[in-house]
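Each remark here refers to the structure printed beneath this line.
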Amino acid sequence: MLGGAVTPTIETPARAKSIACAHCALPVPRGMVEPDAERQFCCRACAAAFDIIHGCGLERYYALRERTATNVEKAAGTGESYARFDDPAFHELHVRDIGEGLSAAELRLEGVHCAACVWLIEALSRIESGVVDATLDLRQSIVRVVWDDSRVRLSRVGALLDAMGYRPSPAGGLSLREHRRAEDRRALVRLAVAGACAGNVMLFSGTLYAGAFQGMSDTVTHYFRGLTALVGVVAIAWPGSVFFRGAIASLHVRRLHLDLPIAIGLAAGGLSGLVNAVRGAGEIYFDSVTGVIFLLLIGRFLQHRQQRRAADALELLFSVTPTSARIVEGDALRAAPIEEISEGDIVEVAAGECVPVDGVLVSGVSSVEQSMLTGEPMARPVRQGASVAAGALNLDAAIRVRVQAAGERTRIGRLMRLVEESAARKAPIIRMADRIAGRFVAAALALALLTVAIWWATSPALAIEHAIALLIVTCPCALGLATPLAVSAAIGKAGRAGMLVKGGDVLERLARPGLVLLDKTGTLTQGRCVVVAFEGDESIKPLVGELEKQSAHPLARAVVQAFADGQSRSVSDVRQTTGAGIEGVVNGQKVVVGARAYVEQRTMPAPTHLQHMEERLTHDALTPVFVGVDGHIRAVIGIGDPIREDAQNAIDRLRRHGWRVGLLSGDHPGVVQRVGARLGVPEADCTGAATPEDKLRIVEDALQHGPVVMVGDGVNDTAALAAASVGIAVRGGAEASLQAADVSLARQGVTPVVDVIEGSERALRVIRRNLRVSLAYNIVCASCAMAGLLHPLLAAVLMPLSSITVITLSYRSKTFEAT
Amino acid sequence: MAVLYIVVPLALVFAGVSIGVFIWATRTGQFDDTQTPGVRILFDDEDAPLSDDSAEGDGPVQSSGR
């Protein structure tokens with residue numbers, strides 16, 4: 001494991017059997033085990049969820065979950081009181097009155113992950129009689145609740161959902177979401193109409209072609225040409241109008257957009273087709289025209305959905321900020337919206353509520369929990385003078401806070417603004433496909449004019465016909481489909497391999513090498529203190545384990561994990577010195593455990609072989625812990641956060657792809673340097689003891705020199721993740737911060753990071769190949785059209801052929817796979 | 001061949017009706033969420049209301065149905 005530098009015994013941790021949580025089946029940490037309880041739970045939230053599921057007779061949840069869920073997670077409830085859900089200000093923003101005394105609201109839920117969750121949440125209407133309906137949208141994790149306000153209050157609904165293990169927050173922006181919903185519906189209708197028109201025109205055209213080969217009477221031919229014209233005009237006027245609007249907009253902005261040649265082609269094709277159908281002579285291209293409209297709309301539909309998904313991700317971050325607070329005025333409390341609160345005001349926060357501002361406690365004793373911001377669910381006790389941040393949950397008792405920053409100026413407010421700005425900054429990166437589209441448009445129009453010029457001498461009518469044929473056939477179906485399809489396929493595959501990529505532009509940014517900043521704890525290392533080495537007398541291990549049970553220090557916990565064997569021994573006379581060590585009498589023997597100086601003071605100088613061991617341990621970035629028993633130093637324990645086995649390999653792979661690797665960590669600089677040295681990262685690129693602000697500054701500095709990819713676990717490095725060109729969040733961080741990252745990885749370690757980078761490169765290759773194919777197709781067809789060879793049948797066949805080729809190439813290529 | 005003059009317009013009328021139905025379905029929100037209904041088929045039909053016996057609660061919960 002450590003490359004042969006340390007030879008003595010290497011302990012494997014957790015020899016004791018681990019107990020599974022009765023709700024989520026994940027292991028119960030030792031600290032949470034209650035020896036007398038019938039069932040064990042890994043956290044308060046899981047216990048609450050278990051209670052309510054059994055209390056309401058919903059045990060089928062567990063059976064359903066076993067059948068359907070691929071991964072189980074802990075319950076996400078927090079025990080908040082949700083009193084703010086009843087505030088009139090809240091109702092104004094988020095609740096709608098839908099008549100008959102019923103109200104409707106949409107709540108975003110954390111912790112939804114499977115079909116069984118859908119069943120459980122939708123059972124809300126059966127548990128609580130005031131709730132008329134609860135419908136969950138699994139993809140967005142939004143539940144629409146309809147309830148009778150006179151029978152149950154929304155705070156009770158919120159508390160129920162929280163107890164079940166799903167933390168609710170208002171889904172915000174009701175009018176924005178309704179607007180988007182209407183937009184999406186209109187797009188779907190246009191797509192359907194385009195498809196219907198294309199299908200019908202194809203059938204009619206089939207008749208016409210058959211007639212052309214086998215002979216058909218003039219009346220019937222005329223009839224069917226009229227029919228294609230009729231349906232074709234419907235297609236151009238209704239779904240096709242999108243392109244006309246886009247073309248006009250493009251002219252306004254004077255930027256060449258793909259919609260321009262499409263619109264010209266549609267208009268020319270439609271008009272000339274109509275004229276020819278009435279006239280009874282000349283070619284008509286309605287089958288190609290309707291086909292173009294349909295295929296291009298498919299491409300846009302896909303693209304639109306992807307962008308929508310990326311935008312949705314930001315919404316969670318915004319929905320968790322408080323919108324109102326209670327100001328203390330003399331003896332009374334006044335509820336006020338957050339905008340009215342200014343610095344120096346005193347705000348009261350009841351137990352179970354979220355702190356709405358950044359500030360300092362002036363009265364009250366309680367504890368707060370900041371898991372939303374930092375991902376750490378540990379409660380921090382606070383007293384007068386302690387500072388709290390907006391978004392923290394106040395647990396025990398009411399506290400009064402003097403406001404230092406409110407609204408946008410709070411830490412979380414600034415963070416959200418940063419995320420918003422970064423998202424806006426990253427979005428309009430001119431994508432490769434758009435650049436090509438611009439050039440393509442110019443070329444197509446130029447060629448059309450050229451065609452007219454060439455054929456004008458022969459016959460003006462023919463010249464126009466051939467130009468129209470050219471415009472229609474170079475209507476870039478393949479170009480319009482190539483990128484969104486390839487992106488959609490790649491993102492889908494990445495999702496199945498456990499990598500959640502938020503958009504196609506992310507893929508493009510990941511494919512260009514730059515600097516990768518890796519977090520240390522949890523990414524390059526395993527993220528926990530573990531006994532890695534031991535040299536000395538093996539028989540004293542149980543004694544050491546027993547003594548260390550008395551200490552809460554992480555090093556002590558690692559020792560207990562490794563050495564405790566389930567038997568208890570008598571321990572007495574325990575004395576601890578913070579930061580140095582612990583001593584006591586175990587089973588009649590005097591045991592001293594701690595730093596070298598501490599132990600030597602109480603026993604005698606360490607023997608030479610153990611001194612050598614200490615050197616080796618520090619060389620390997622491990623913390624040496626000495627053990628003395630009855631006056632002699634008997635052993636040295638090496639404790640560390642072991643580097644992952646795949647870390648070296650992953651870093652090498654990154655280098656091979658042209659990336660520079662750096663370490664950015666909040667951990668001790670010495671340890672960071674040593675880990676870096678071990679993995680071959682130059683000293684200059686390793687930074688330790690970095691605060692969240694430091695991390696942000698380093699990322700911003702590095703951005704001046706090129707793209708920066710930041711990999712972190714979202715705990716205290718959210719701002720850096722948002723500012724980097726691509727922020728990659730590794731599993732285990734705060735949910736709100738995970739939403740701010742461009743990529744979320746479900747698997748731990750560094751290898752998934754390399755996988756997503758390699759996959760992006762492959763995806764870009766697929767996109768480029770698609771573009772080349774569509775370009776080739778266009779060149780061939782344009783040449784045929786210019787030469788006057790392009791029969792409408794040929795055009796109608798070649799077009800879907802190119803699209804199908806592009807589709808197949810996109811979905812059959814192996815971009816993302818779990819390695 | 002005369003039948004064509006009846007049958008084809010009839011087919012177009014059918015197409016128009018289907019599009020009308022599709023528009024109605026879209027406007028009433030049936031296509032908004034295409035993922036969750038696929039999961040709901042796993043559930044059995046249970047109409048019996050349950051009562052909340054857990055510790056929390058603002059007061060007695062009626063289990064007399066809706």
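Observations, loosely collected:
- Each residue in region A:782-816 was checked for being farther than 16 Å from A:Gly492 by Cβ and among the basic types (Lys, Arg), and 0 of them qualify.
- When the residues of region A:164-197 are filtered to those that are open to solvent by less than 30 Å² (accessible area, probe 1.4 Å) and part of a loop (DSSP other than H, G, I, E, B), the one that is farthest from the other protein chains (Cβ to nearest Cβ) is A:Gly172.
- The listed residues are A:Ala424, A:Ala448, A:Ala433, and the only one of them that is of a type in the set (A, V, I, L, M, F, W, C), farther than 30 Å from A:Arg326 by Cβ, modelled with pLDDT under 75 and crowded, with 19+ Cβ neighbours inside 10 Å turns out to be A:Ala433.
- Selection within region B:12-21: residues that are open to solvent by less than 60 Å² (accessible area, probe 1.4 Å) and at the interface with chain A (Cβ under 8 Å from one of its Cβ atoms). The member of this set that is farthest from A:Leu227 (Cα to Cα) is B:Ile19.
- Answer from A:Glu80, A:Glu59 - the residue that is in contact with a helix residue (DSSP H, G or I) (Cβ under 7 Å, 6 or more places away or on another chain), surrounded by fewer than 16 Cβ atoms within 10 Å (Cβ to Cβ), within 14 Å of chain B (Cβ to nearest Cβ) and not basic (Lys, Arg): A:Glu59
- Only a single item in (1) at pLDDT below 85; (2) under 30 Å from A:Arg245 (Cβ atoms); (3) open to solvent by less than 20 Å² (accessible area, probe 1.4 Å) is not met by A:Leu297, and it is number (1).
- From the list A:Ala105, A:Ala116, A:Ala134, the lone residue that is outside any helix (DSSP H, G or I) and either facing chain B (nearest Cβ under 10 Å) or more than 17 Å from A:Gly165 (Cβ to Cβ) (or both) is A:Ala105.
- Of residues in region A:137-163 being in a loop (DSSP other than H, G, I, E, B) and more than 9 Å from every other protein chain (Cβ to nearest Cβ), the one farthest from A:Gly492 (Cα to Cα): A:Ser150
- Conditions (1) open to solvent by 40 Å² or more (accessible area, probe 1.4 Å); (2) in contact with a Ser or Thr (Cβ under 6 Å, 6 or more places away or on another chain); (3) closer than 30 Å to A:Val599 by Cα: number failed by A:Arg678: (2)
- Residues of region A:769-819 classified as within 19 Å of A:Thr451 (Cβ to Cβ) and part of a helix (DSSP H, G or I), total: 16
- Applying a threshold of 7 Å to beta carbon distances and a minimum spacing of six or more residues, or different chains, the list of pairs starting in region A:256-268 at a residue that is at negative phi and ending at one that is open to solvent by 40 Å² or more (accessible area, probe 1.4 Å) reads A:Leu256/A:Ala442; A:Pro261/A:Leu445; A:Ala263/A:Phe244.
- Qualifying residue in region A:562-573 (condition: touching a helix residue (DSSP H, G or I) at 6+ places or on another chain (Cβ under 8 Å), surrounded by fewer than 16 Cβ atoms within 10 Å (Cβ to Cβ) and in a strand (DSSP E or B)): no
- When A:Ala237, A:Ala212, A:Ala163, A:Ala194 are checked against the criterion of being among the small types (Gly, Ala, Ser), farther than 22 Å from B:Thr34 by Cβ and at pLDDT 90 or above, a single residue qualifies: A:Ala237.
- When the test is whether a residue is modelled with pLDDT under 95, outside any helix (DSSP H, G or I) and surrounded by 14 or more Cβ atoms within 10 Å (Cβ to Cβ), B:Val8 does not pass it.
- Among the candidates A:Glu128, A:Glu122, the residue that is crowded, with 22+ Cβ neighbours inside 10 Å, closer than 26 Å to B:Ile41 by Cβ and over 24 Å from the mean Cα position of the chain (by Cα) is uniquely A:Glu128.
- Of residues in region A:537-557 being among the small types (Gly, Ala, Ser) and at pLDDT 80 or above, the one most open to solvent (accessible area, probe 1.4 Å): A:Ser539
- Residues that are buried (at least 17 other Cβ atoms within 10 Å of the Cβ) and either within 14 Å of chain B (Cβ to nearest Cβ) or touching a residue at least 24 places away in the same chain (Cβ under 8 Å) (or both), drawn from region A:231-251: A:Val231, A:Gly232, A:Val233, A:Val234, A:Ala235, A:Ile236, A:Pro239, A:Gly240, A:Val242, A:Phe243
- Restricting attention to region A:208-223, the residues that are open to solvent by less than 50 Å² (accessible area, probe 1.4 Å) and within 9 Å of another protein chain (Cβ to nearest Cβ) total 2.
- Residue match in region A:596-604 (condition: of a type in the set (D, E, K, R) and touching a Phe, Trp or Tyr at 6+ places or on another chain (Cβ under 6 Å)): yes
- The set of residues from region A:689-744 being modelled with pLDDT under 85, open to solvent by 20 Å² or more (accessible area, probe 1.4 Å) and β-branched (Val, Ile, Thr) comprises A:Thr691, A:Val715.
- Test: A:Ile284 is more than 14 Å from chain B (Cβ to nearest Cβ), on the phi < 0 side of the Ramachandran plot, buried (at least 18 other Cβ atoms within 10 Å of the Cβ) and part of a helix (DSSP H, G or I): no
- Residues of region B:23-38 satisfying the condition of being more than 7 Å from every other protein chain (Cβ to nearest Cβ), modelled with pLDDT of 90 or more and either in contact with a His (Cβ under 6 Å, 6 or more places away or on another chain) or open to solvent by 90 Å² or more (accessible area, probe 1.4 Å) (or both): B:Trp24
- Of everything listed in (1) facing chain B (nearest Cβ under 10 Å); (2) out of contact with any Ser or Thr (no Cβ under 7 Å at 6 or more places or on another chain); (3) under 21 Å from A:Ala105 (Cα atoms), the single unmet condition for A:Asn200 is (3).
The values are calculated or read from the model by the stated rules, or taken from the named source; none is laboratory data. Since this is a predicted model, take the numbers as computed values, not measurements. Because the Cβ atoms are built from the backbone with ideal geometry, glycine has one as well, and the counts that use them run over all protein chains shown. The protein model used for the area step is the full one, side chains on, heavy atoms only, and it has no ligands, DNA or RNA in it. Shrake-Rupley method; radii C 1.70, N 1.55, O 1.52, S 1.80 Å.
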